[in-house]
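Reviewing the structure listed below.
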Amino acid sequence: MTTLTIATLLIPLLILAALALIALRNGEAAEARYPPNGTFTTVDGVRLHHVETLPPGGGGDAPTLVFVHGASGNLRDTRLAFEEALADRFRLVFIDRPGHGHSDRGPADAHRPAVQARLIGGLLDALGVRRAIAVGHSWGGSVVAQLALLRPDIVEGLVFIAPATHPWPGGVDWYYDVAAAPVFGPLFSYTVAPVVAGQVAPQAIGTVFAPEAAPDAYADAIGLDLLLRPATFHANARDVALLKGEVAAAVADYPRIGQPAVVITGDEDTVVYPDIHSAGLVRDLPRARMVELRGAGHMPHHTRRARVVSEIEVLAAQVGAASGATTGETEKGRP
């Protein structure tokens, strides 16, 4: 073997090793800058990170609001959008989905919304939540749908925000497919991808919020660099790349979701297709209604916060009234 041949083989390996080291160090820096800000609870061997807030007086009989974030995010996103607006009236639970933020990834099939919903249901049991409204953004909408199917004993209402819940034409961005691929995917996720993604992240934020603007210092507020840790990047890629097959199989079960639901979408969302996902939910769920926000994109919980909060409050009042009526009927029927 010639010196030239050896160099030809070694140079790519050295480059990959350097990229892996950069990604590792960047990930360690991200964890130091954005440490866990909540509590850990272990469910079926998976340690889940969550933040819980209680209003003055404990929230009374109001249902607990449970927030499930979308792809490429963590609980800091939904907390940024909703905590200040709702914490004085409701018990709030913000959850890092498995593999995101500071939650463990868990089993090999943790990319499945149903598996994530099962773990979240177990977390709610551990927290003593007996009545909940589940709020899901984007990818989290698919989890919320599964949570409604798996745990109707807890979930009494649903809020879908720019949801991704139905199969769509075409695929996803190429780098998700590459990162999710067997064998080569982990190599890509632990070397090239995090470093490159860090360079394009600002542009990606603009695309997700378009045609509206992101909040000031949004990337820092949500700890976006946590996404660029290799293990998190790989988990996120698998979530995104494998979602289409999951929702295609789930659609047939949606008519069994009997809880009242509100589906909130921007009419200029270019990340998911409102006419497929949001319209599909309203078609398939027996008690769903649509709220379409003109001129809004994929992040209305930030850009149209007041309206989204108002819709959550309306649904909470509806759920509360239904629960009160049921309790009254039960009391009347007692001997």
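The values are calculated or read from the model by the stated rules, or taken from the named source; none is laboratory data. Please read all numbers here as calculations on a predicted model, not as lab measurements. Cβ atoms come from the backbone with ideal geometry, glycine included; neighbour counts cover every protein chain shown.
Below is a table of values for the structure above.
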{"quantity": "Qualifying residue in segment 198-221 (condition: within 30 Å of Pro152 (Cα to Cα), aromatic (Phe, Trp, Tyr) and surrounded by fewer than 21 Cβ atoms within 10 Å (Cβ to Cβ))", "calculated": "no"}
{"quantity": "Among the candidates Ala30, Ala71, residue that is modelled with pLDDT of 95 or more, surrounded by 13 or more Cβ atoms within 10 Å (Cβ to Cβ) and within 18 Å of Arg105 (Cβ to Cβ)", "calculated": "Ala71"}
{"quantity": "Whichever residue in segment 286-317 is part of a loop (DSSP other than H, G, I, E, B) and touching a residue at least 60 places away in the same chain (Cβ under 8 Å) and, among such residues, is surrounded by the most Cβ atoms within 10 Å (Cβ to Cβ)", "calculated": "Met299"}
{"quantity": "Check on Arg229, surrounded by 20 or more Cβ atoms within 10 Å (Cβ to Cβ), basic (Lys, Arg), in contact with an Asp or Glu (Cβ under 9 Å, 6 or more places away or on another chain) and under 30 Å from Arg25 (Cα atoms)", "calculated": "yes"}
{"quantity": "Check on Ser138, touching a strand residue (DSSP E or B) at 6+ places or on another chain (Cβ under 9 Å), buried (at least 19 other Cβ atoms within 10 Å of the Cβ) and at positive phi", "calculated": "yes"}
{"quantity": "Every pair of residues 6+ apart whose Cβ atoms lie under 7 Å, when the first sits in segment 155-179 and is of a type in the set (Phe, Trp, Tyr) while the second is modelled with pLDDT under 95", "calculated": "Tyr175/Ala193; Tyr176/Ala237"}
{"quantity": "Yes/no for Val43 being crowded, with 22+ Cβ neighbours inside 10 Å and of a type in the set (Val, Ile, Thr)", "calculated": "no"}
{"quantity": "Qualifying residue in segment 102-112 (condition: within 30 Å of Ile205 (Cα to Cα), modelled with pLDDT of 95 or more and in contact with a Ser or Thr (Cβ under 9 Å, 6 or more places away or on another chain))", "calculated": "yes"}
{"quantity": "Subset of segment 66-119 (residues that are touching a helix residue (DSSP H, G or I) at 6+ places or on another chain (Cβ under 7 Å), of a type in the set (S, T, N, Q), on the phi < 0 side of the Ramachandran plot and assigned to a loop (DSSP other than H, G, I, E, B))", "calculated": "Asn74"}
